[in-house]
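> One structure follows; several queries about it will come next.
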Amino acid sequence: MAIKNAYLKELLARVEKRNQGEPEFIQAVTEVLMTLEPVVEKRPDLVEAGVLERIVEPERQIIFRVPWVDDRGNVQVNRGFRVQFNSAIGPYKGGLRLHPSVNLSIIKFLGFEQIFKNSLTTLPMGGGKGGSDFDPKGKSDGEIMRFCQSFMTELSRHIGADCDVPAGDIGTGAREIGYMFGQYKRLRNEFTGVLTGKGLTYGGSLARTEATGFGLCYFTEEMLKANGTSFKGKTVVISGSGNVAIYAAQKATEFGAKVVTMSDSNGYIYDANGIDLACVKQIKEVERKRIKEYLVYHPEAKYAEGCKGVWTVKCDIALPCATQNEIDGESAKILVKNGCKVVSEGANMPSTPEAIEVYLENKLLYGPAKAANAGGVATSGLEMSQNSQRLSWTFEEVDEKLHGIMKSIFKACDDAAKTYGMEGNYMAGANIAGFLKVAEAMKAQGCV
Ligand code: NDP
Ligand code: 2IT
């Protein structure tokens, strides 16, 4: 797929020139612009209002030094980021990624996608993302705490419950959010909902931990239902073994599927009997060990080094839940050859453009990340509502709201794809539906 519309082509060329050396960001923008062709043709008013030129440029980008002292008394320095991309429909909202691969390109691609994802949730949240190239692996609790405190010391100047509300992402879970929240409260002398994904004893929402994985399965079940099928009896391949992967595996299993793989950045496990999730939770959430440990509990399972091999396992449904560009064109072809009919994305941008081509050519049901993994941030939005009300809802209330939101996201994607002549292309549907709400808000608020 290439962009044909002259205006969009020229806009993309300008984005490429202005953001050289940022391949992930350019990849994310290219995909969105490509699918907006019919919108640009139907809505010259949005083009005239300069919405597209403005939406590809972050409102504000903050890059800062994060100094901290390790357990040996040595000074370490990391780089911190917060990209406040778009606030047309609400305060900036999006996670914080802690991973050695983090750079401006990665934070910008995530922040850009977050604009459309947050719009799809139906809740009033703008788009943002942040993080650091800090590697939490192998660090002591004390080191994690000192890093988080230093990171928040600078970040606290730029965020706030009505301005920008960060949350978790790769490498940032409840422990890290807790240390960051404590530091923010101490610095500002304010107990507010400035972060989501908080612990349940200090303002966190029930079901936030489960939300992204559960939401992914709720979205996928809707997509399957609309196409006359369901999770029941299907074999599912999942990558990753973190927050998203674990709760996707749990809900897919509850829906009657058999999950046979999970992975980490070292390799993957294959259990023909279906993954024992209690065991994965023990290894990952309690012991913080590698997925290979699964063999200690289940010697009959198989482990293979390298994470790409997970896509060679035969399945009906693939749920990538680890990281960006984890499925390339070659892996997509192997999935199709092995009979896979559905790819639904828990991770952000896990499929390369070549992989997406393969899905579309072979008429797979393809649930794009912006829609399929929006349950996490949607539940963060519900946490913000509870914090504002100073109330907390039951697990069942939050889960029911999440389920309703994921159904409405699927419907929005399906309807937009049909309205713009691309029935069944939920990627185009998600981009268009997410874009239109933000674009109307940007137009109404004038050139800001
Ligand atoms: P976690 O840190 O809990 O888990 C990440 C998992 O992915 C781990 O198993 C990790 O393995 C693996 N992984 C990370 N980076 C790589 C890599 N470069 N190569 C191979 N494997 C890798 O993160 P989450 O589960 O929260 O996030 C997973 C994905 O879901 C990300 O793309 C994130 O942006 C997205 N997402 C998360 C949401 C949330 O609410 N948490 C919401 C929406 C999307 P290892 O331990 O070896 O690093
Ligand atoms: O990518 C994502 O949507 C997240 N990491 C969750 C963001 C949030 O604010 O809950």
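The values are calculated or read from the model by the stated rules, or taken from the named source; none is laboratory data. What you are looking at is a predicted structure, and each value in this text was computed from that prediction instead of being measured. For neighbour counting, all protein chains shown are included, and Cβ atoms are generated from backbone atoms with ideal geometry for every residue, glycine included.
> Looking at Arg157, Arg186, Arg175, which is the one that is in contact with a helix residue (DSSP H, G or I) (Cβ under 7 Å, 6 or more places away or on another chain), at pLDDT 95 or above, more than 30 Å from Asn273 (Cα to Cα) and surrounded by fewer than 18 Cβ atoms within 10 Å (Cβ to Cβ)?
So the residue among Arg157, Arg186, Arg175 that is in contact with a helix residue (DSSP H, G or I) (Cβ under 7 Å, 6 or more places away or on another chain), at pLDDT 95 or above, more than 30 Å from Asn273 (Cα to Cα) and surrounded by fewer than 18 Cβ atoms within 10 Å (Cβ to Cβ) is Arg175.
> Any residue at all in the range 77-88 that is within 12 Å of ligand 2 (Cβ to nearest atom), of a type outside the set (Lys, Arg) and either free of Cβ contacts under 8 Å to residues at least 60 places away in the same chain or surrounded by 24 or more Cβ atoms within 10 Å (Cβ to Cβ) (or both)?
No; the residues of the range 77-88 include none that is within 12 Å of ligand 2 (Cβ to nearest atom), of a type outside the set (Lys, Arg) and either free of Cβ contacts under 8 Å to residues at least 60 places away in the same chain or surrounded by 24 or more Cβ atoms within 10 Å (Cβ to Cβ) (or both).
> Specify which of the listed residues (Glu113, Glu53, Glu59, Glu48) is touching a Ser or Thr at 6+ places or on another chain (Cβ under 8 Å) and farther than 16 Å from Pro136 by Cα.
Glu59
> Ok, one more. Output the residues belonging to the range 314-339 that are part of a loop (DSSP other than H, G, I, E, B) and either surrounded by fewer than 24 Cβ atoms within 10 Å (Cβ to Cβ) or within 12 Å of ligand 1 (Cβ to nearest atom) (or both).
Hits for the range 314-339 are Lys314, Asp316, Pro320, Cys321, Ala322, Thr323, Gln324, Asn325, Glu326, Asp328, Asn338, Gly339.
> Grab the helices (runs of 4 or more DSSP H) fully contained in the range 241-299, keeping just those with 1 or more residues being within 11 Å of ligand 1 (Cβ to nearest atom) and surrounded by 16 or more Cβ atoms within 10 Å (Cβ to Cβ).
Here the list reads 243-254, 277-281.
> Here's a check for you: in the range 340-377, which residue that is under 11 Å from the mean Cα position of the chain (by Cα), assigned to a helix (DSSP H, G or I) and of a type outside the set (Val, Ile, Thr) is surrounded by the most Cβ atoms within 10 Å (Cβ to Cβ)?
By that ranking, first place goes to Ala372.
> Separate question: For the range 415-434, which residues satisfy the criterion of being charged (D, E, K, R) and assigned to a helix (DSSP H, G or I)?
Scanning the range 415-434 gives Asp415, Lys418.
> Moving to a separate point now. Residues of the range 40-58 being outside any loop (DSSP other than H, G, I, E, B), charged (D, E, K, R) and more than 18 Å from Ile115 (Cα to Cα), which ones?
Within the range 40-58, Glu41, Lys42, Asp45, Glu48 meet the criteria.
> How many residues, within the range 252-289, are closer than 22 Å to Gly171 by Cβ and not polar (S, T, N, Q)?
Looking only at that region, the number is 15.
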